[in-house]
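In what follows, a single structure is set out as structure tokens and then discussed.
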Amino acid sequence: MKETVASLTASRERFVQQIPDPSTILPGSLLSRMVRCNKPGCRYCEKGKGKGHGPIWILSVSLGNRRVRQIPIPNEMKAEVEQGLQTYAHIQKVLKQIGQVNLELLAERKRRR
Ligand SMILES: [Zn+2]
């Protein structure tokens, strides 16, 4: 299948238009965790039975070199954090698509030399 430079350029332009506003992006992933309070007699933390308290939410960000930064996220900030993560993932996806189109454009330019 041979796509023309014009149609590749047009589809690249559509991808560029899809890039969301990056101002609120967040890296990492949101994890949930149950926590134990260690208070004697707490029914949530009873050994073998209780599941602990929570879940609490943690934004986990890889810093490279096996280092990870973990930031506990209060419930009222969870939706905002999820939105930032989604926008980040969306932008990465669109950039990947633009990169693919540019690879095709590069190959097409070489053929036409
Ligand atoms: Zn407890």
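Out of 26, 30, one residue alone is outside any loop (DSSP other than H, G, I, E, B) and away from the ligand (no atom under 16 Å from the Cβ). It is 30. Residues that are among the β-branched types (Val, Ile, Thr) and either closer than 30 Å to residue 35 by Cβ or at pLDDT below 95 (or both) do not occur anywhere in region 93-108. Considering 17, 70, the condition of being outside any helix (DSSP H, G or I), away from the ligand (no atom under 16 Å from the Cβ), open to solvent by 50 Å² or more (accessible area, probe 1.4 Å) and not hydroxyl-bearing (Ser, Thr, Tyr) is satisfied by 70 alone. Considering (1) polar (S, T, N, Q); (2) touching a helix residue (DSSP H, G or I) at 6+ places or on another chain (Cβ under 8 Å); (3) open to solvent by 90 Å² or more (accessible area, probe 1.4 Å), the lone condition that residue 11 does not fulfil carries the number (3). In region 41-61, of all residues being part of a loop (DSSP other than H, G, I, E, B) and loosely packed, with under 14 Cβ neighbours inside 10 Å, the one that is farthest from the ligand (Cβ to nearest atom) corresponds to 48. Of all residues in region 51-67, exactly one satisfies the criterion of being polar (S, T, N, Q) and out of contact with any strand residue (DSSP E or B) (no Cβ under 9 Å at 6 or more places or on another chain), namely 65. Taking the criterion of being of a type in the set (A, V, I, L, M) and open to solvent by less than 90 Å² (accessible area, probe 1.4 Å), the residues of region 73-105 that qualify are 73, 77, 79, 81, 85, 89, 91, 94, 98, 101, 105. Among (1) within 16 Å of the ligand (Cβ to nearest atom); (2) surrounded by 11 or more Cβ atoms within 10 Å (Cβ to Cβ), there is one condition residue 38 misses while meeting the rest; what is its number? So the condition that residue 38 fails would be (2).
The values are calculated or read from the model by the stated rules, or taken from the named source; none is laboratory data. As the structure is a prediction and not an experimental result, all values here were calculated from the model. No Cβ is skipped: glycine too gets one built from the backbone with ideal geometry, and neighbour counts run over all protein chains shown. These accessible areas exclude ligands, DNA and RNA; they are computed on the full protein's heavy atoms, side chains included. Shrake-Rupley method; radii C 1.70, N 1.55, O 1.52, S 1.80 Å.
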